[in-house]
1. Count, please, the residues in segment 148-170 that happen to be of a type outside the set (Gly, Ala, Ser), touching a residue at least 60 places away in the same chain (Cβ under 8 Å) and more than 17 Å from Lys94 (Cα to Cα).
2. Taking the condition at pLDDT 95 or above, under 22 Å from Ser167 (Cα atoms) and away from the ligand (no atom under 16 Å from the Cβ), does Glu124 pass?
3. If I filter segment 120-141 for residues that are out of contact with any Pro (no Cβ under 6 Å at 6 or more places or on another chain) and in contact (Cβ under 8 Å) with a residue 60 or more places away in the chain, do I get at least one hit?
4. Identify the single condition in (1) exposed (fewer than 13 other Cβ atoms within 10 Å of the Cβ); (2) small (Gly, Ala, Ser); (3) free of Cβ contacts under 8 Å to residues at least 24 places away in the same chain that Ala187 does not satisfy, given that it satisfies every other one.
5. Output the number of the condition that Lys206 fails; it satisfies all remaining conditions of (1) outside the structural domain of Glu91 (by TED's automatic domain parsing); (2) in contact (Cβ under 8 Å) with a residue 24 or more places away in the chain.
6. Quick test of your reading of the structure: Asp29 fulfils all but one of (1) without any contact (Cβ under 8 Å) to a residue 40 or more places away in the chain; (2) within 19 Å of the chain's Cα centre (by Cα); (3) farther than 19 Å from Ala155 by Cα; (4) within 15 Å of the ligand (Cβ to nearest atom). Name the failing condition by number.
7. When segment 190-210 is examined, which residues are found to be of a type in the set (Asp, Glu) and surrounded by 14 or more Cβ atoms within 10 Å (Cβ to Cβ)?
8. Among the numbered criteria (1) farther than 26 Å from Glu211 by Cα; (2) assigned to a helix (DSSP H, G or I); (3) in contact with a helix residue (DSSP H, G or I) (Cβ under 9 Å, 6 or more places away or on another chain), which one does Gly75 miss?
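The values are calculated or read from the model by the stated rules, or taken from the named source; none is laboratory data. Since the model is a prediction, treat every value here as computed from it, not as a measurement. Don't worry about glycine lacking a Cβ; one is built from the backbone with ideal geometry, like all the others, and counts go over all protein chains shown.
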Amino acid sequence: MIKLHGFPASNYFNMVKLALLEKGVAYEDVRVFTGQSEEMLAKSPMGKVPFLETERGFISETAVILDYIEDSQTGPSFYPEDPFDKARVRELIKYTELYLELAARRCYGQAFFGSGPTPEHTKEEVRTVMSRGVGALRRHAAFTPYLAGDAMTYADFVFLYTFPMASAVARIVFDWDLPSELPGADALIEQLKQRDAVKTVDADAKAGQQEFREYYGMK
Ligand SMILES: N[C@@H](CCC(=O)N[C@@H](CS)C(=O)NCC(=O)O)C(=O)O
């Protein structure tokens with residue numbers, strides 16, 4: 001049986017967990033935190049979570065894991081069959097991951113973990129990248145109601161566990177109303193939150209906050 005390693009306070013972990021639940025894949029949840037030990041790096045060479053354990057070895061990087069799940073597991077598909085349409089979904093995933101999640105993450109310390117203010121030069125870089133990222137989504141995402149159109153795709157799973165955090169960073173660090181620049185985003189998130197699988201993931205994420213904070217020595 002596939003094993004999903006990571007912890008439920010991780011937004012990336014939750015993208016993969018949601019895919020497994022929505023597809024109806026039986027899997028085992030293995031609690032692992034991030035780290036740079038040899039043991040960890042042998043499984044996840046960047047020391048990050050999530051990573052998947054399969055009969056043939058370990059796979060890391062969320063977008064790659066999502067593709068592997070799609071290609072190797074039964075259950076509903078969350079990619080269009082048509083190669084062009086599929087590439088467009090992957091584009092949406094990349095815009096969200098590279099230009100919202102990764103940029104906003106540089107300010108997570110200030111926004112979520114009580115560290116001091118983000119250095120001005122970092123803020124400038126983050127704001128520029130996030131502005132362009134949100135612009136890319138405004139141009140390419142459909143929100144009818146899903147990111148790629150009328151069918152739910154992996155892009156929605158990535159968006160669901162990115163946009164609220166990016167919006168919080170925008171609000172806290174930049175006093176910037178990110179959702180107002182992406183009409184349809186909040187409605188999509190509210191719609192996704194009604195799904196049983198999302199409710200499960202979110203309840204586990206909430207329950208896992210304390211363990212996460214204790215592990216990383218936060219209050
Ligand atoms: N590019 C990775 C990012 C995953 C990631 O950053 N996970 C966080 C936890 S939410 C982590 O492992 N952080 C530890 C680190 O960056 O060293 C992916 O797509 O899976």
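1. Going through segment 148-170 one residue at a time, the tally reaches 1.
2. Considered against the rule, which asks whether it is at pLDDT 95 or above, under 22 Å from Ser167 (Cα atoms) and away from the ligand (no atom under 16 Å from the Cβ), Glu124 comes out as yes.
3. Keep residues of segment 120-141 that are out of contact with any Pro (no Cβ under 6 Å at 6 or more places or on another chain), which gives 120-141.
Those still in the list that are in contact (Cβ under 8 Å) with a residue 60 or more places away in the chain too: none.
No, because not a single residue in segment 120-141 is out of contact with any Pro (no Cβ under 6 Å at 6 or more places or on another chain) and in contact (Cβ under 8 Å) with a residue 60 or more places away in the chain.
4. (3)
5. Here Lys206 meets the rest and fails (2).
6. If we test Asp29 against (1) without any contact (Cβ under 8 Å) to a residue 40 or more places away in the chain; (2) within 19 Å of the chain's Cα centre (by Cα); (3) farther than 19 Å from Ala155 by Cα; (4) within 15 Å of the ligand (Cβ to nearest atom), just (4) comes out false.
7. If the condition is that a residue be of a type in the set (Asp, Glu) and surrounded by 14 or more Cβ atoms within 10 Å (Cβ to Cβ), then Asp202, Asp204 are the ones that fit.
8. Unmet condition: (2).
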